[in-house]
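First the structure, in the form of structure tokens, and then the observations on it.
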Amino acid sequence: ACGFVVGAGCASRDNLELAPVKGIVTLEGRPLPNVGVTFLPEGKGPLATGNTSASGEFTLTTIRPGDGASVGRHRVVLGAAEEGEASANAAAAIPLRYRQTETTDLWVEVKPGKVNQVRLELQREGR
């Protein structure tokens with residue numbers, strides 16, 4: 001079984017280039033805790049997800065915890081955290097445009113060979 005798992009991991013890496021992604025989500029300058037962060041690749045490829053901590057920080061996962069996201073351009077969508085201390089208030093605090101694939105204006109370019117540091121700075125609707 002162990003050999004199979006290692007083989008599967010190597011096969012995945014051959015077809016998919018990942019790079020580590022860490023970041024912070026803020027709303028008008030304040031860290032936003034308990035938020036789910038999803039990176040959707042512009043082209044083909046799997047999505048990457050993470051959840052913000054109490055300090056608004058996140059690390060993305062595609063296959064293995066903390067392995068990052070596929071290299072390339074990604075649309076970013078935010079929502080309620082999938083793990084940890086989910087909070088209805090945190091999800092409600094996210095302006096609607098960032099919660100939907102069709103309306104989010106958050107885009108991130110994941111570059112190979114380095115830890116990508118991302119700052120997602122959200123602004124409230126309208127005002």
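Points worth noting:
- Remark on residue 21: its backbone amide H falls under 5 Å from those of 60, 68, 69, 116, a criterion applied only to residues 5 or more positions apart or on other chains, H modelled at 1.01 Å from N.
- Cα gyration tensor, segment 19-120 - rounded (a/c under 1.5), prolate or oblate: prolate
No value in this document is a laboratory result; all are computed from the given coordinates. Here the structure is a predicted model, which means the values were calculated and not measured.
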